[in-house]
Amino acid sequence: MFTLEIEGKAVAVINGDEETARDLFTCDGFKEDIQKMTSDGAPLWNGTSELKIRAAKEDEIEIFEDALAEDDGEGDFEDDPRHAAAANDATTEEGEEDEDEADIVFLVDIDEADALDS
């Protein structure tokens with residue numbers, strides 16, 4: 001697992017290999033999203049700070065696993081075509097598309113969009 005760190009703060013964990021983590025965390029769609037997403041009213045990313053990808057620490061892995069265990073699969077997830085290219089780049093050694101999708105868990109509290117619109 002790998003963690004996205006911005007300005008020394010762990011922001012998100014992904015359960016893929018390093019190449020998958022780099023592809024997803026640095027794709028244009030994800031970067032656009034983290035510029036729009038806020039935590040405590042501040043954007044997750046300012047658009048210029050380094051996006052550091054590193055091996056996840058034990059406590060981050062535990063948070064990730066707990067979040068997936070609690071997920072009932074009934075969230076309001078919508079597939080974002082801007083992320084599809086990076087997710088679909090994962091292939092097996094035989095060149096077949098890897099059926100496993102990477103999951104991303106945010107390590108910071110994300111402000112609700114409805115609360116921001118008020």
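The values are calculated or read from the model by the stated rules, or taken from the named source; none is laboratory data. From a predicted model like this one, the values you see are computed outputs, not experimental measurements. Here the Cβ positions follow ideal geometry from the backbone for every residue, glycine too, while neighbour counts run over all protein chains shown. Just the protein is used for accessible areas: all its heavy atoms, side chains included, with ligands, DNA and RNA removed. Shrake-Rupley method; radii C 1.70, N 1.55, O 1.52, S 1.80 Å.
Does Ile53 qualify as being at pLDDT 90 or above, within 17 Å of Ala21 (Cα to Cα), open to solvent by 50 Å² or more (accessible area, probe 1.4 Å) and among the aliphatic types (A, V, I, L, M)? Show your work before the answer.
On the way: at pLDDT 90 or above: yes; within 17 Å of Ala21 (Cα to Cα): yes; open to solvent by 50 Å² or more (accessible area, probe 1.4 Å): no; among the aliphatic types (A, V, I, L, M): yes.
No: the conditions fail for Ile53.
Which condition does Ala67 not pass, out of (1) open to solvent by 80 Å² or more (accessible area, probe 1.4 Å); (2) modelled with pLDDT under 95, if it passes all the others?
(1)
How about the stretch 1-46: which of its residues are open to solvent by 30 Å² or more (accessible area, probe 1.4 Å), more than 19 Å from Asp103 (Cα to Cα) and without any contact (Cβ under 8 Å) to a residue 60 or more places away in the chain?
Listed by number, the residues that qualify are Glu7, Gly8, Gln35, Lys36, Ala42, Pro43, Asn46.
Filter the stretch 25-55 for residues that are touching a His at 6+ places or on another chain (Cβ under 7 Å) and under 16 Å from Val105 (Cα atoms) and give the result.
Within the stretch 25-55, the subset touching a His at 6+ places or on another chain (Cβ under 7 Å) is 27, 29-30.
Phe30 - this is the single residue of the stretch 25-55 that is touching a His at 6+ places or on another chain (Cβ under 7 Å) and under 16 Å from Val105 (Cα atoms).
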